[in-house]
Amino acid sequence: MAMDALSLVLPKPVAKLGAQSGGCWDIATAVLKFFVTNCSPRDMLSILCEALDAPIELPNGLSSFVLLLNALAEVLTSIQRRHVEQVKVALPAVLKVMRATVSECDEEHGKAAVDLFYAAYGIGNAIQEMCKSVVNRNKEDLCAILGLYSLQNIALLSRSRQHDILSACSIVLQHFRLLKFSGFSYLGLLTGSDVTSATDKLSKDDVEDDADFLEYFSFAMDGAALTAVWTYMHDDVSKYADEELELALKVVHDNHMKKWEAINMLKYVLSSISYPWIIKSHGINLLLSLVGENNVEEINNHADFTSYAPRIFATLKAIESVMMAAPEASMRKKAFAALKKVISMVPSSQRFDILQALVNNSMSPSLTAILLDLVRGEVLRESRQADNDCVESGGFQSHGELPPWASHALELVELILRPPEGGPPRLPEHTEQVISALNLLRFILIIDARGPRSGKLFQKETLHKVHSEWLIPLRPIVAGIQSENERDDSEIANQIVCLLNPVQLVLHRCIELVEEKMKGC
């Protein structure tokens with residue numbers, strides 16, 4: 001009775017005392033081991049989980065949690081029955097501590113945080129030992145839990161504020177071994193299918209408690225993507241993966257749907273502000289490797305793209321965030337290359353829809369300008385294809401029949417020159433996107449004046465709308481802003497004038513082209 005009474009109250013203060021100094025560490029470890037050895041494992045599991053449910057007190061609080069996690073790992077290996085139920089009690093307490101550590105610790109606490117992650121690995125190691133002693137359904141469930149637990153830890157470790165995140169590679173490598181033991185494959189991690197399979201297995205009974213339990217693995221998909229990223233980041237992980245990862249990459253390259261799944265997995269890493277830039281940089285490298293020199297026409301032959309469109313849009317938005325916010329120009333350039341390659345993989349029949357959605361959801365004038373330039377490239381490609389089709393068929397479109405590519409492009413031009421919120425475009429703040437929209441319009445007008453379809457794109461009503469509603473109202477606004485800033489001799493005013501000069505030139509040329517076409521109607 002005395003032993004049970006002491007075990008209820010002593011573990012937490014003993015762990016705090018052990019964290020105070022090196023001399024007390026061994027004593028605290030021995031006291032906790034004594035309780036673990038002499039008390040009921042189920043009772044000690046509850047007591048230690050309760051002790052873990054406490055705010056982190058820096059800097060010594062992390063060390064006290066290390067002691068408690070080490071003791072909990074020993075408890076788990078002592079449990080003889082109802083293994084799955086006991087693990088479902090322990091892991092929420094453990095993962096709450098790990099998540100709090102990531103959110104509250106700074107770089108100065110890096111070593112203590114790494115020690116805590118090693119202790120968390122010890123919990124995974126204990127679950128692995130449990131898996132060896134059970135069979136059938138319990139073993140399957142424990143392996144699924146262990147895999148998700150390792151992925152959650154890889155994601156949390158990758159989010160931690162380490163002075164050098166690569167120094168934590170040894171912990172990641174240990175979790176890789178646990179994943180392999182749990183039956184997770186590199187192909188299943190690359191595509192996310194193993195994560196989905198594990199969560200489905202644990203939630204098949206649709207029990208509310210299982211749903212609550214699975215919430216503690218909210219970064220499991222991040223972790224799955226990060227397993228591949230870490231192989232690109234560190235030689236030791238790459239050597240461990242070796243031929244298995246190469247084989248998985250080959251399967252992904254040879255199967256276009258699996259390639260889309262792998263590409264979409266990277267959005268979990270690229271879209272989050274929690275991962276350091278070095279991880280995102282290697283994520284972009286992996287993405288470029290996945291895309292490769294894709295054969296667009298081969299991919300276009302597959303009609304089952306629609307179900308992937310929302311996820312591909314989310315992935316492209318994630319790439320955009322890296323392209324716009326990365327601290328180094330080389331990384332921004334890589335992200336832009338990745339953006340173009342992923343867009344080029346989208347079937348041509350839906351590429352304009354994706355680009356239009358990206359433009360509609362762009363919050364940056366600079367990004368909008370870049371996207372409109374990509375639209376212009378698509379217009380060139382589609383118009384050339386249309387010209388070739390006309391020549392081969394020996395026929396032409398009827399006058400005024402606007403092809404889909406031209407219709408989509410003009411909708412985007414209107415979106416910029418006549419914003420949906422009303423009024424003219426905001427100048428000079430939105431100068432970049434305005435000049436890109438005008439260049440796109442000029443390009444379409446020039447295309448319409450050349451080739452076998454000369455003069456066949458625009459109806460009279462369309463030309464009148466472009467002239468009177470888009471271009472003419474913009475001319476006095478640009479001229480007025482220029483005139484006002486020319487009178488002001490400040491440096492900012494001179495910069496505004498320089499920004500608006502190209503707008504004035506392209507706007508004037510667009511008006512000329514439209515008026516020439518109106519004369520011929």
Can you list the lysines whose alpha carbon sits under 29 Å from that of LYS517, skipping same-chain ones fewer than 8 residues off? LYS456, LYS460, LYS465
Loop by DSSP (not H, G, I, E, B), at most 16 other beta-carbon atoms within 10 Å: where is the longest site-free stretch of the chain for GluC sites (Glu not before Pro)? 58-292
What number, in percent, do you get for the relative contact order of the chain if the mean sequence gap of Cα pairs under 8 Å and at least 6 apart is divided by its residue count? 8
Take the alpha carbon atoms of the range 216-252, find their center, do the same for the range 132-197, and report the distance between the two centers in whole angstrom. 10
Between GLN20 and SER468, what length in nm is gained on full extension when 0.36 nm per residue of separation is reduced by their alpha carbon distance? 153.6 nm
Quote the relative contact order of the range 1-269 in percent (integer), defining contacts as alpha-carbon pairs under 8 Å separated by 6+ residues. 16
For the Cα atoms of the chain, what angle does the longest principal axis make with the long axis of helix 474-487, in degrees from 0 to 90, nearest 10? 80
Give a residue-ordered list of calculated ³J(HN,Hα) values for the range 356-372 (Karplus: 6.51 cos²θ - 1.76 cosθ + 1.60, θ = phi - 60°; whole Hz; x for Gly, Pro). 5, 5, 5, 5, 4, 9, 6, 9, 10, x, 5, 5, 4, 4, 5, 5, 5
Note: the range 177-277, point scatterers on Cα, Debye, no solvent; log10 I/I(0) at q = 0.18 Å⁻¹ equals -0.92
Among residues other than PRO310 whose Cβ falls under 12 Å from its Cβ, what is the net charge (Lys/Arg +1, Asp/Glu -1)? +2
Could you work out how far helix 41-52 tilts from the main Cα principal axis of the chain, as a 0 to 90 degree angle to the nearest 10? 50
For the chain, calculated [θ]222 nm from helices alone, where every DSSP H run of n ≥ 4 adds -39500 (n - 2.57): -25000 deg cm²/dmol
Using mean Cβ contacts within 10 Å as the protection proxy, how do 148-158, 179-189, 363-373 order, highest first? 148-158, 179-189, 363-373
Amide H of ALA449: which non-local residues (sequence gap of 5 or more, or other chain) have their own amide H closer than 5 Å, using H built in the peptide plane? GLY455
Hey, any idea what % of the chain's accessible area is carbon plus sulfur with a 1.4 Å probe? 52
Using alpha carbons only, how many degrees (0 to 90, rounded to 10) separate the axis of helix 11-20 from the longest principal axis of the chain? 70
Could you state the accessible area per residue of the chain in Å², with a 1.4 Å probe and every protein chain left in place? 46
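The values are calculated or read from the model by the stated rules, or taken from the named source; none is laboratory data. As the structure is a prediction and not an experimental result, all values here were calculated from the model. Please note: Cβ atoms are built from the backbone with ideal geometry, for glycine as well, and neighbour counts cover all protein chains shown. SASA here: full protein model, heavy atoms, side chains in, ligands and nucleic acids out. Shrake-Rupley method; radii C 1.70, N 1.55, O 1.52, S 1.80 Å.
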